[in-house]
Amino acid sequence: MVSIRPYTHEDISALMELTELEDWGFSEIDCRATLMVDPEGLLVAQDAVGKPVGFIGCFNMAPDIVYVNLFIVQTNMRGKGIGRKLWNAMLDTAGHKIVVLDSISEMKEWYKKQGLVFEEFTVKCYEGKITNVETNIYVDSSYICVPLTKKHLPALLAYDQKIYPYSREKVLRAWYFGSDKYSFIALYNKTIVGYASCHMKSENVCFIRALYADNDIIADKLLVKLLSHVPKATMLSFVILDDKPLPKYFADFVNTGTEVRLLTKEMPGIQTDKMIMNTAHTI
Ligand SMILES: CC(C)(COP(=O)(O)OP(=O)(O)OC[C@H]1O[C@@H](n2cnc3c(N)ncnc32)[C@H](O)[C@@H]1OP(=O)(O)O)[C@@H](O)C(=O)NCCC(=O)NCCS
């Protein structure tokens, strides 16, 4: 007796509970940002009394692209066809658009069977506690890091377009602006050469949501800037592209998994050389 309906704000506690049980790096800030990008992009599987038992995201995050950042069914309801029902509803909503998701290793073959046969890049997931970060090491650097503000949006968009072959204006606005995020840009001669962002899920849990940079020095400087805003002993998590070295601050962090970006159609490629850390919540 499960049916599919659109998400409403009352569903947030059920969604947070399910993602928490699965130990996903997903916060209410991520949830709000996703819905800001596409308020109609979340579908709910409900039981006979309207209680949510599963969710699937089909977010219109970029022109002609639907991103499935959430696909989850309540533990004791799995294996009964609810996931399939959600998946089919997502496909109906997506229509002819390209479907994109970041797959955990376990699900990769299943998604491939569903037609997501193109692989874009692989990331590794890490988590751990920050202990010692020297935050005053770049006094004489020629790159400066400043907080991201609204006035930087056009320049940030221009920088982002060097990496992504489609406009991410909605994503950038939703994820990196606002008083609940720490976001910085790196400048060289007043030109953006990198950006980074993180947010606190709770008092002692932090997610890095972006680290893009033209070179290693800029990346390191942006990281130091981010970490200087994160309280000591915070549990920090991030995903890093698998061809990038793990920054020295995270040497004792634990690798919690691998995810691969899958697509239903080939797209002009993302320039991953500047992409270091990304999130499995945006495309
Ligand atoms: C993935 C998930 C949403 C599927 O929901 P479900 O209600 O159990 O799915 P269904 O019973 O409708 O089965 C749908 C299909 O998914 C497949 N499937 C379910 N769980 C799977 C798993 N862990 N690994 C591989 N395939 C899986 C089933 O074999 C079935 O395949 P078929 O339709 O070709 O026969 C559910 O298992 C879940 O919440 N898992 C934890 C969260 C998660 O890992 N999400 C995916 C992140 S990329």
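Read-outs: derived from the displayed coordinates by stated rules, not from any lab. If you're wondering where the values come from, they're calculated on a predicted model, not measured in any experiment. Cβ: placed from backbone, ideal geometry, glycine included. Neighbour counts: every protein chain shown.
Could you give the length gained on full extension between residue 106 and residue 243, defined as 0.36 nm per residue of separation minus the Cα-Cα distance, in nm? Don't skip to the end; give the middle numbers.
Working: separation 137, 0.36 × 137 = 49.32 nm, distance 2.10 nm.
Between residue 106 and residue 243, full extension yields 47.2 nm more.
Would you mind ranking 282, 93 so that the residue whose beta carbon has the fewest other beta carbons within 10 Å leads the list? Display every interim value, and only then the final one.
Details: 282 25, 93 19.
Listing 282, 93 from fewest to most nearby Cβ atoms yields 93, 282.
Restricting attention to the range 18-123, which trypsin sites (Lys or Arg not before Pro) occupy a DSSP loop and are surrounded by at most 15 other Cβ atoms within 10 Å?
On the way: sites: 32, 78, 80, 84, 85, 97, 108, 112, 113; in loops: 78, 80, 97.
For trypsin sites (Lys or Arg not before Pro) across the range 18-123 that sit outside H, G, I, E and B with at most 15 neighbouring Cβ atoms in 10 Å, the list reads 78, 80.
For 277, 107, what ranking results if the residue with the fewest other Cβ atoms within 10 Å of its Cβ goes first?
On the way: 277 25, 107 16.
The fewest-first ordering by Cβ neighbours comes to 107, 277.
Within the range 1-103, list the chymotrypsin sites (Phe, Trp or Tyr not before Pro) lying in a DSSP loop whose Cβ has at most 11 other Cβ atoms in a 10 Å radius. The partial results should precede the final answer.
Numbers: sites: 7, 24, 26, 55, 59, 67, 71, 87; in loops: 7, 24, 26.
For chymotrypsin sites (Phe, Trp or Tyr not before Pro) across the range 1-103 that sit outside H, G, I, E and B with at most 11 neighbouring Cβ atoms in 10 Å, the list is empty.
Points 7 angstrom from Cα along the Cβ direction at residue 255 and residue 188: gap in nanometres?
Going from the residue 255 label point to the residue 188 one covers 3.0 nm.
Where the centroid of each part is defined by its Cα atoms, how far is the range 247-282 from the range 138-214 in Å?
Cα centres, the range 247-282 to the range 138-214: 17 Å.
Which ³J(HN,Hα) values, rounded to whole Hz and listed in residue order, are derived for the range 149-163 from phi using the Karplus coefficients 6.51, -1.76 and 1.60 in 6.51 cos²θ - 1.76 cosθ + 1.60 with θ = phi - 60°, glycine and proline given as x?
Listing the rounded values in order: 10, 3, 5, 7, 4, x, 5, 5, 4, 5, 5, 4, 6, 6, 9 Hz.
Check each of the GluC sites (Glu not before Pro) in the range 48-157 and keep only those in coil by DSSP with at most 13 other C-beta atoms within 10 angstrom; list them in order. Write down the numbers at each step before the final one.
Details: sites: 106, 109, 119, 120, 127, 134; in loops: 134.
Sites meeting the loop and neighbour criteria: 134.
Compute the normalised compactness of the chain: alpha-carbon radius of gyration over 2.2 N^0.38 Å, N being the residue count.
Details: Rg = 18.9 Å, N = 283, 2.2 N^0.38 = 18.8 Å.
Taking N as the residue count of the chain, the ratio is 1.01.
Taking the beta-carbon count within 10 Å as an exposure proxy, list 152, 9 from fewest neighbours to most.
With the fewest neighbours first, 152, 9 line up as 9, 152.
Want the number for residue 271 to residue 129: 0.36 nm per residue separation, take away the alpha-carbon distance, what's left?
Working: separation 142, 0.36 × 142 = 51.12 nm, distance 3.03 nm.
The span from residue 271 to residue 129 would gain 48.1 nm if fully extended.
Can you give me the Kirkwood hydrodynamic radius for the range 3-96, using every pair of distinct Cα atoms, in Å to one decimal? Before the final figure, lay out the partial values.
Values: mean 1/r = 0.0752 Å⁻¹.
Every distinct Cα pair counted, the radius reaches 13.3 Å.
Equivalent ellipsoid semi-axes for the range 125-278, as square roots of 5 times the alpha carbon gyration tensor eigenvalues: give them largest first, rounded to whole Å. If you can, show how the numbers build up before the last one.
Details: eigenvalues 102, 81, 47 Å².
Gyration-tensor ellipsoid for the range 125-278: 23, 20, 15 Å.
Which angle from 0 to 90°, rounded to the nearest 10, does the C-alpha axis of helix 28-37 make with the longest principal axis of the chain?
Its long axis makes an angle of about 80 degrees.
If amide hydrogens are placed 1.01 Å from N in the peptide plane, which non-local residues have theirs closer than 5 Å to the one on residue 264?
Amide H neighbours of residue 264: 99.
Expected output is a single nm value to one decimal: the length gained when fully extending between residue 12 and residue 40, i.e. 0.36 nm times separation in residues minus the C-alpha distance. What is it? Please list the in-between numbers first.
Values: separation 28, 0.36 × 28 = 10.08 nm, distance 1.41 nm.
Difference between extended and current length: 8.7 nm.
Angle, helix 12-21 long axis vs. longest principal axis of the chain, Cα atoms, 0 to 90°, nearest 10?
80
What percent does the relative contact order of the chain come to when contacts are Cα pairs within less than 8 Å and at least six residues apart? List each step's numbers first, then the result.
Details: 537 pairs, mean separation 66.4, N = 283.
Relative contact order of the chain: 23 percent.
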